[in-house]
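Enquirer: One structure follows; several queries about it will come next.
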Amino acid sequence: MADLIETLAGIVGARHVLIAPGDQEAYTTDWLKTWSGRAAAVVRPANAAEVAAVLRLCHERRIPVVPQGGNTGMSGGATPDASGGAIVLSLARLTAIRAIDPVGDTITVEAGCVLARVKDAAREAGRFFPLSLGAEGSCTIGGNLATNAGGINVLRYGTTREHALGLEVALADGRIWDGLAALRKDNAGYALRDLFIGSEGTLGIITAAVLKLQPAPLGQATAMVALADIDAALRLFAHAKACVGHSLTAFEFMTGECLDLVLRHVPKTTTPFAARPCAIALIELSGASESELGTMLEAMLAEAVSEGLARDAVIAQSGEQAKALWHLREGISEAQVKNGKTIKHDIAVPIGAIAAFMREAKGAIETRFPGLAFVVFGHLGDGNLHYNLQRAPGMSEADFLRVTEPLNAIVHNLVAAYRGSISAEHGIGQLRRDELARLKAPVALDMMRGIKALLDPHGILNPGKLL
């Protein structure tokens, strides 16, 4: 062990090899405090060459490596196991913004660059980087790419995969693949970039990326809409697309129960409605001037109310009012934590099937486990639901957690029946690894394992995650 620590220190510097438990704690426990492990060392390289040198050493000595960005994941994908045999490789020092090309609309950044800083740099160049996440002040681009993060703007701009043009990747054996091409078209062979996006650090470690930028939107318009049910939400979504087209940036959904939780547990929140709705949509338009967008949004919602698609609607009249509406949606996760343990599902189903899925899932769960609280919200415009459950009144926390496995089976089996995904944007990690093995098509699993064996023959990269 002493030899390993000395060799690592020779690569990255002694002060960037952390071995004391107190120094390691922030790296060996996930931010949800759900997964915790031990590490032989936490190593903090400063550049791609140092990342590659660490991997070369670990490849030769068969030492497991757990890559880590901002450690904001929700699936245990960046946490070591309890053996203490792995090293955690933190990319937090790879923070350079290497280049911005406002003509080609690209920005080249290192993997440890925090998302908010990338957005700020784009803004300073008169451009817009559309990835938008609740953790953007601490999550990193490398982690966003490794998990193919989603967020609130997927409806218009796509997931992180759609924002990436090229990657630089340190491979398991210490080689560096330089794929940092800022090309919109490249048909010269396999799309190697896409192997690493969403691979959760199991195939290689992303050290830098060329990202697409967008024109800076001139304005935004935001509204919150009271609805009768999920069917009304889907009809309103179709109506909004028909009326405003590509100006529709976000279409979020939440149940009335979600609003109740936020109002109860999140400070400085108030309901915009006179009566408590059964379902709620949060709509955002962007692109044109604020006055033009406001006119479009008002006309679309007036027609929706007159046709019975919506029961009530509140349009933000200022940036502060828009933030207050978004705070009601973004406060759901905080409210769940304060309300108690939650059994979470990050799922995607075809948009047209969402209402049928929700009815069938609720019926199956209530039949077997009556009284549970349903906390359902998400990005309706791209089919991603956070289908969460909290314990019934009078039910102990221990009894509730004991039904995690059968609840997961009910939800995930239905997702599979609807040809959906059990992981829409948070990754597989440790949380859904066994469910992936149970539900993924055998041919797909065989192909995934074959790719893993080719790129990481000794299985050192993020073992126990994804596969």
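The values are calculated or read from the model by the stated rules, or taken from the named source; none is laboratory data. All values reported here derive from a predicted model rather than from experimental measurement. A quick note on method: Cβ atoms are made from the backbone with ideal geometry, for glycine too, and the neighbour counts reach across all protein chains shown.
Enquirer: Looking at L436, L414, can you tell me which residue is part of a helix (DSSP H, G or I), closer than 27 Å to T79 by Cβ and not aromatic (F, W, Y)?
Expert: Exactly one residue qualifies, and that residue is L436.
Enquirer: While we're on this one: What residue, of D382, D312, is at pLDDT 95 or above and in contact with a Phe, Trp or Tyr (Cβ under 9 Å, 6 or more places away or on another chain)?
Expert: D312
Enquirer: Limited to the stretch 440-455, what total is found for residues that are over 18 Å from I176 (Cα atoms) and surrounded by 15 or more Cβ atoms within 10 Å (Cβ to Cβ)?
Expert: 2
Enquirer: State all residues of the stretch 195-246 that are charged (D, E, K, R) and in contact (Cβ under 8 Å) with a residue 40 or more places away in the chain; if no residue qualifies, say none.
Expert: Answer for the stretch 195-246, where residues must be charged (D, E, K, R) and in contact (Cβ under 8 Å) with a residue 40 or more places away in the chain: E200, K212, D229, D231, R235.
Enquirer: Could you count how many residues in the stretch 180-218 are part of a strand (DSSP E or B) and surrounded by fewer than 19 Cβ atoms within 10 Å (Cβ to Cβ)?
Expert: Total meeting the criteria: 2.
Enquirer: May I ask you to list the residues in the stretch 244-284 that are in contact with a Lys or Arg (Cβ under 9 Å, 6 or more places away or on another chain) and hydroxyl-bearing (S, T, Y)?
Expert: Correct list: S247, T249.
Enquirer: Might you let me know whether the stretch 266-287 holds any residue that is of a type in the set (D, E), surrounded by 23 or more Cβ atoms within 10 Å (Cβ to Cβ) and either touching a Leu at 6+ places or on another chain (Cβ under 9 Å) or in contact (Cβ under 8 Å) with a residue 24 or more places away in the chain (or both)?
Expert: Yes: the stretch 266-287 contains one or more residues that are of a type in the set (D, E), surrounded by 23 or more Cβ atoms within 10 Å (Cβ to Cβ) and either touching a Leu at 6+ places or on another chain (Cβ under 9 Å) or in contact (Cβ under 8 Å) with a residue 24 or more places away in the chain (or both).
Enquirer: Within the stretch 79-89, does at least one residue satisfy the condition of being in a helix (DSSP H, G or I), of a type outside the set (F, W, Y) and outside the structural domain of T207 (by TED's automatic domain parsing)?
Expert: No: the stretch 79-89 contains no residue that is in a helix (DSSP H, G or I), of a type outside the set (F, W, Y) and outside the structural domain of T207 (by TED's automatic domain parsing).
Enquirer: Just need a number here: residues in the stretch 1-47 that are part of a helix (DSSP H, G or I) and among the β-branched types (V, I, T). Break it down into steps so the answer makes sense when it comes.
Expert: Here is the first cut: in the stretch 1-47, the ones part of a helix (DSSP H, G or I) are 2-12, 14-16, 21-28.
Applying the additional criterion that residues be among the β-branched types (V, I, T) yields 5, 7, 11-12, 28.
Residues meeting the conditions: 5.
Enquirer: On the basis of being at pLDDT 95 or above and out of contact with any helix residue (DSSP H, G or I) (no Cβ under 6 Å at 6 or more places or on another chain), does R193 make the cut?
Expert: yes
Enquirer: I would also like to ask the following. Answer with yes or no whether S75 is more than 20 Å from Q220 (Cβ to Cβ) and in a loop (DSSP other than H, G, I, E, B).
Expert: Against the criterion (more than 20 Å from Q220 (Cβ to Cβ) and in a loop (DSSP other than H, G, I, E, B)), S75 qualifies.
Enquirer: Being small (G, A, S) and surrounded by fewer than 16 Cβ atoms within 10 Å (Cβ to Cβ) is the requirement here; does A355 meet it?
Expert: No.
Enquirer: While we're looking at this one, here's another question. Is it true that some residue in the stretch 64-77 is loosely packed, with under 15 Cβ neighbours inside 10 Å, closer than 29 Å to S333 by Cα and out of contact with any His (no Cβ under 6 Å at 6 or more places or on another chain)?
Expert: no
Enquirer: For G371, all conditions in the list (1) touching a residue at least 60 places away in the same chain (Cβ under 8 Å); (2) surrounded by fewer than 18 Cβ atoms within 10 Å (Cβ to Cβ); (3) of a type in the set (G, A, S) hold save one; what is the number of the exception?
Expert: In the conditions (1) touching a residue at least 60 places away in the same chain (Cβ under 8 Å); (2) surrounded by fewer than 18 Cβ atoms within 10 Å (Cβ to Cβ); (3) of a type in the set (G, A, S), G371 misses (1) alone.
Enquirer: Working only within the stretch 137-161, note down all residues that are without any contact (Cβ under 8 Å) to a residue 40 or more places away in the chain and more than 10 Å from the chain's Cα centre (by Cα).
Expert: Listed by number, the residues that qualify are G137, G158, R161.
Enquirer: Still on this model: Within the stretch 98-164, considering only helices (runs of 4 or more DSSP H) that don't extend past its boundaries, which have at least 2 residues that are surrounded by fewer than 19 Cβ atoms within 10 Å (Cβ to Cβ) and not assigned by TED's automatic domain parsing to the domain that holds F251?
Expert: Numbers: elements: 115-124, 141-147, 154-157, 160-163.
Passing ranges, in order: 115-124, 160-163.
Enquirer: So L282 passes all but one of these: (1) assigned to a loop (DSSP other than H, G, I, E, B); (2) of a type outside the set (K, R); (3) under 23 Å from the mean Cα position of the chain (by Cα). Which condition number does it fail?
Expert: Of (1) assigned to a loop (DSSP other than H, G, I, E, B); (2) of a type outside the set (K, R); (3) under 23 Å from the mean Cα position of the chain (by Cα), only one is false for L282: (1).
Enquirer: Something else: When only residues in the stretch 319-357 that are of a type in the set (S, T, N, Q) and modelled with pLDDT under 95 count, which is farthest from the chain's Cα centre (by Cα)?
Expert: Of everything passing the filter in the stretch 319-357, N339 is farthest from the chain's Cα centre (by Cα).
Enquirer: Another question, if that's okay. Does V305 satisfy the condition of being outside the structural domain of V375 (by TED's automatic domain parsing), in a helix (DSSP H, G or I) and closer than 30 Å to E360 by Cβ?
Expert: It is true that V305 is outside the structural domain of V375 (by TED's automatic domain parsing), in a helix (DSSP H, G or I) and closer than 30 Å to E360 by Cβ.
Enquirer: For the stretch 442-467, enumerate the residues that are farther than 15 Å from S423 by Cα and assigned to a loop (DSSP other than H, G, I, E, B).
Expert: D456, P457, H458, G459, I460, N462, P463, G464
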